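The values are calculated or read from the model by the stated rules, or taken from the named source; none is laboratory data. In this text, all values refer to a predicted model and were calculated from it rather than measured experimentally. Here the Cβ is made from the backbone with ideal geometry for all residues, glycine too, and neighbour counts use every protein chain on show.
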Amino acid sequence: MGSFISFVPTPFEDIDNFFKLAPVSAKDVVYDLGSGDGRLVLAALDMGAGRAVGVELDPTLIHRAQLRARQNGVEDRVQFLHADVMDVDLSPATVVLCYLITAASNALKPKFEAELKPGTRVVMESFPVHGWKPVETRGEYKVFYLYCMPPEPSGPEDQPRLGEEYFNYGYEY
């Protein structure tokens, strides 16, 4: 999956949108796929998640995230995996956070359907999962999509209009 992803961090001012759609508690295990510098993983712990796991390909970003976790005193509740998301078992997750392009979401869709337990919440930033109907959306200039496993299939009326999936950058890269 590495060829789909480049480091484009979620702006700090947008982080709350994930947790307004999927509030977390001490019972939650949050996975951030493409965790970058760990900002969503650490925010999940700040919001009350019991544990959080970041999956990232870039070892420099993992080191930065681990340092931030240590500075925040949460290294016992967090794990950063240097791995491709396609090679990680997602079954322990109760919440999955993603800021991945459409091609990556489409590649992950069968993995989510096979590995995530019923009731697991998936929040996608900017790029919806085609074929799934979101339970809720949030945002105007940037849309966040909440799905609950197993997701309800979407009909043609729920599909983005041509070009809608590219609104953030003007193109899909």
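Data for the structure
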| item | result |
| --- | --- |
| Restricting region 19-35 to residues that are of a type in the set (Ser, Thr, Tyr) and assigned to a loop (DSSP other than H, G, I, E, B), the residue that is surrounded by the fewest Cβ atoms within 10 Å (Cβ to Cβ) | Ser25 |
| Region 89-108, residues that are free of Cβ contacts under 8 Å to residues at least 60 places away in the same chain and surrounded by 16 or more Cβ atoms within 10 Å (Cβ to Cβ) | Leu90, Ser105 |
| Residue in region 3-17 that is in a helix (DSSP H, G or I) and touching a strand residue (DSSP E or B) at 6+ places or on another chain (Cβ under 8 Å) present | yes |
| Strands (runs of 3 or more DSSP E) within region 36-138 that include 1 or more residues more than 20 Å from Phe19 (Cα to Cα) and touching a strand residue (DSSP E or B) at 6+ places or on another chain (Cβ under 7 Å) | 51-56, 78-82 |
| In region 123-158, the residues that are within 14 Å of the chain's Cα centre (by Cα) and closer than 19 Å to Val8 by Cα | Val123, Met124, Glu125, Ser126, Phe127, Pro128, Val129, Val143, Phe144, Tyr145 |
| Filtered residues of region 26-46 (kept if more than 17 Å from Tyr99 (Cβ to Cβ) and not acidic (Asp, Glu)) | Ala26, Lys27, Val29, Leu45 |
| Verdict on Met124 being of a type in the set (A, V, I, L, M, F, W, C), touching a residue at least 24 places away in the same chain (Cβ under 8 Å) and surrounded by fewer than 16 Cβ atoms within 10 Å (Cβ to Cβ) | no |
| Residue within region 102-114 that is modelled with pLDDT under 95 and more than 23 Å from Asp89 (Cβ to Cβ) present | yes |
| Hits in region 37-56 - residues which are over 16 Å from Ala93 (Cα atoms) and of a type in the set (Lys, Arg) | Arg39 |
| Conditions (1) surrounded by 18 or more Cβ atoms within 10 Å (Cβ to Cβ); (2) modelled with pLDDT of 95 or more; number of the one not met by Leu67 | (1) |
| Of all residues making up region 142-173, the number that are under 22 Å from Val96 (Cα atoms), at pLDDT 60 or above and part of a loop (DSSP other than H, G, I, E, B) | 6 |
